[in-house]
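Here is the structure we will look at, set down as structure tokens.
The values are calculated or read from the model by the stated rules, or taken from the named source; none is laboratory data. The shown structure was predicted, so the numbers you read here are calculated from the model rather than taken from an experiment. Don't worry about glycine lacking a Cβ; one is built from the backbone with ideal geometry, like all the others, and counts go over all protein chains shown. All accessible areas refer to the heavy atoms of the entire protein, side chains included, with ligands and DNA or RNA removed. Shrake-Rupley method; radii C 1.70, N 1.55, O 1.52, S 1.80 Å.
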Amino acid sequence: MEGKQFYKSKVVYKNLNPRWNESFSHPLRDRDHIVDVRVYDKNRTADEFMGSSTISLKDLELFKTYEMELQLDDPKSKEDDMGVIIVDVCLLFRDPTIKRGPIWHAKKKNKLKQATPSRQPAEAQKYQLKNQMWTRILGITLVEGQDLPQYGHGDIYVRFRLGDQKYKSKNLCIQANPQWREQFDFNLFEDNQEPLQVEMCSKRGRKGEESWGMFEIDLSSLPLNERQLHTHVLDPGKGSLVFLVTPRSCWGVSISDIEAAPLEKPDERDAVENKFSLKNSYNCAGEVGFLQVKVIRANDLPTTDLNVKSNPLCVLELGNSKLHTHTIYKTVNPEWNKAFTLPIKDISDVIELTVLDENGDKAPNVLGKVAIPLLSVQNGQQICLFLKKENLGSVSKGTITLVLEVIYNTVRAGIKTFQPKETKLMEENVKFNKKVLAQNIYRVRKISTAVLYTLQYIKSCFQWESTQRSLIAFLIFLVTVWNWELFMLPLFLLLLIGWNYFQLTAGKDTSNQDLVNMTIGEDDEEDEKEAGKKGLMDKIHMVQEIVLAVQNIMEEVANVGERIKNIFNWSVPFLSCLVCIVLFVSTALLYFIPLRYIVLIWGVNKFTKKLRNPYTIDNNEILDFLKRVPSDVQKVLYSALRAPTSQSQPRKKR
């Protein structure tokens with residue numbers, strides 16, 4: 001368009017009837033444009049022109065999708081028929097909450113003209129609000145693959161796409177019949193008639209992914225609330241994919257003014273409360289509750305332009321559901337006065353409200369964000385919260401005023417807690433962050449320190465460092481083991497939870513201080529100040545220490561896993577035979593001797609070992625044995641060391 005290329009499709013190899021199934025968007029200053037569509041044949045030397053056609057945008061109506069069959073033409077070619085290209089074209093007002101890709105952020109000298117709310121057509125505003133609300137939910141269960149090729153190493157995964165919603169399955173090793181057993185949901189909109197796109201891909205090492213087949217499913221013909229089994233054959237020789245599709249009805253999604261909020265009407269409130277009352281616990285078991293959020297206003301928002309003004313809007317997210325307010329232009333104190341309602345799928349979810357600055361043809365800037373757990377909501381109370389930065393690590397500028405109400409069924413919420421949590425749809429790739437990595441290492445180190453401290457405390461009881469403590473522990477051990485019953489295990493856990501509750505109510509618990517310390521450590525401004533004081537070498541050494549710590553932790557975890565594996569695959573026959581003998585003896589002892597006697601003998605031996613031999617060296621038999629088993633790296637090294645020996649001449653006997 002205007003002599004500049006703004007989109008290029010992927011290459012479909014060796015096919016005169018290619019199917020791209022790609023969608024993209026491009027900003028327009030006005031509708032007086034002609035789009036030139038060109039087709040090329042990709043060769044090793046240069047791309048060969050295969051024809052072109054044009055699309056006149058000024059003849060198109062807003063919010064109407066046109067399916068066009070573009071006849072290709074090449075004046076230099078002797079062929080009369082150069083083929084056709086089929087495209088769908090639709091002109092829309094842009095949704096400011098959708099983050100644009102590299103195409104959207106291409107270099108442009110001219111920016112989009114921003115219209116004020118009064119200048120925007122009423123039809124556009126109505127369409128924008130309607131487009132957010134979904135009326136049905138598409139449940140998908142990815143089951144398995146059948147008769148897939150097994151050649152080579154690598155991973156396989158499946159991608160689903162419905163409009164802007166995407167989902168990628170977990171990676172499985174290439175095998176004939178991989179089992180995913182994953183379940184997730186897509187939101188279905190009335191004005192979106194796009195088919196469900198399904199694609200299976202494989203990836204080997206650093207090489208690019210390879211598509212094993214792609215197909216589409218027309219959702220308009222699927223019956224409501226009926227599960228449909230789909231077994232689709234992939235590309236020739238690639239097997240087939242099995243999954244289930246279930247369209248379900250959905251209710252409770254709305255956007256309205258505060259005065260017309262559903263819970264403000266007594267009849268609707270009574271209907272919602274009756275729906276989620278205890279007497280209706282077994283009706284519509286998939287629905288947990290109902291959420292209403294009144295987004296009233298924001299104050300003192302940060303500015304992102306030279307005019308000391310912003311174009312703020314507020315986005316509400318609950319799981320995979322998202323709604324947003326309209327944009328208020330050129331202000332730092334917007335008043336939206338909108339009420340949002342959403343169904344609750346999991347009472348442990350968190351409400352996320354993000355204030356964005358609409359920025360023309362660029363991605364919106366994040367002005368602030370808050371996160372509120374559903375279980376912490378106080379119904380009907382107006383709250384004013386400080387906005388935080390995008391990562392929720394530190395406080396940003398500005399506040400937001402809200403009123404939240406949560407109505408839910410306790411029985412359904414409790415049952416849902418023990419079921420799999422809703423899978424998050426695909427988002428932007430998480431980038432490497434030195435600070436996050438260091439924080440995760442600190443958390444792992446903290447947990448390991450607590451475990452080691454507990455083990456050290458137990459070990460000190462066996463070593464009689466404190467006679468009183470060891471004697472009390474010994475008596476408790478004898479009494480507990482002699483009278484032990486299986487029901488005592490949950491009773492002990494219950495007492496432990498009760499003790500922690502007593503410590504918390506008495507103000508002796510220090511977990512809050514840990515949260516404070518972690519929050520302080522996440523302050524970006526303090527981190528930047530400290531980083532500015534350090535020299536280049538200090539930064540390099542700091543990164544090296546973090547990477548080295550991660551390397552050591554990962555190595556230890558990998559060694560343990562590989563050594564256990566090598567015991568069962570008989571990498572060292574002697575050690576594997578020894579394990580077989582130990583397991584056989586243990587089985588016989590547990591069969592003929594009650595467990596309490598075995599534990600009692602073990603405990604008495606541990607407690608009296610230090611008394612019988614004060615200089616004994618305590619050890620962990622299992623860990624010591626595992627250290628004798630080689631890891632995969634050690635197996636390679638040892639085999640390399642033994643290779644010259646096998647080729648040398650045998651020694652002569654004296």
For the ranges 349-358, 24-33, 5-14, 391-400, what's the packing order if you count other beta-carbon atoms within 10 Å of each residue, average per peptide, and put the highest first? 349-358, 391-400, 24-33, 5-14
Around Ser321, with a cut-off of 12 angstrom between Cβ atoms, what is the net charge of the other residues, counting Lys and Arg +1 and Asp and Glu -1? -3
Using the basic label-point model (7 angstrom from Cα toward the beta carbon), what is the Glu273 to Phe592 distance in nanometres? 7.0
Burial order of peptide ranges 601-611, 311-321 (average beta-carbon count within 10 Å, highest first): 311-321, 601-611
Within the set Lys168/Lys345; Lys10/Lys76; Lys203/Lys635; Lys369/Lys416; Lys459/Lys610, which residue pairs have Cα atoms separated by over 19 Å? Lys168/Lys345; Lys10/Lys76; Lys203/Lys635; Lys369/Lys416
Could you compute Rg(Cα) / (2.2 N^0.38 Å) for the stretch 218-340, with N its residue count? 1.59
Which order do peptides 628-634, 322-328, 499-505 fall in by mean Cβ count within 10 Å, highest first? 322-328, 628-634, 499-505
Carbon and sulfur: what percent of the stretch 280-354's accessible surface (1.4 Å probe)? 47
At 0.36 nm per residue, and after removing the present C-alpha to C-alpha distance, how many nm does the segment from Gln193 to Leu583 gain when stretched out fully? 134.3 nm
For the stretch 278-366, would you read off the P(r) tail past 21 Å as a percentage of all alpha carbon pairs? 42
Which whole-percent values make up P(r) of the stretch 316-366 when all C-alpha to C-alpha distances are grouped in 10 Å steps starting at zero? 19, 47, 28, 6
Principal axis extents for the stretch 216-271, Cα atoms only, whole Å, descending order, please. 61, 20, 16
For Pro195, what is the net charge nearby, where nearby means another residue's Cβ is under 13 Å from its Cβ and Lys, Arg count +1, Asp, Glu -1? -3
For the stretch 321-393, the per residue accessible area (1.4 Å probe, Å²) is 41
With a sphere of radius 14 Å drawn around the Cβ of Leu478, what net charge do the other residues whose Cβ falls strictly inside it have (Lys, Arg +1; Asp, Glu -1)? +2
I'd like the distance between the alpha-carbon centres of the stretch 217-291 and the stretch 1-78, rounded to an integer number of Å. 38
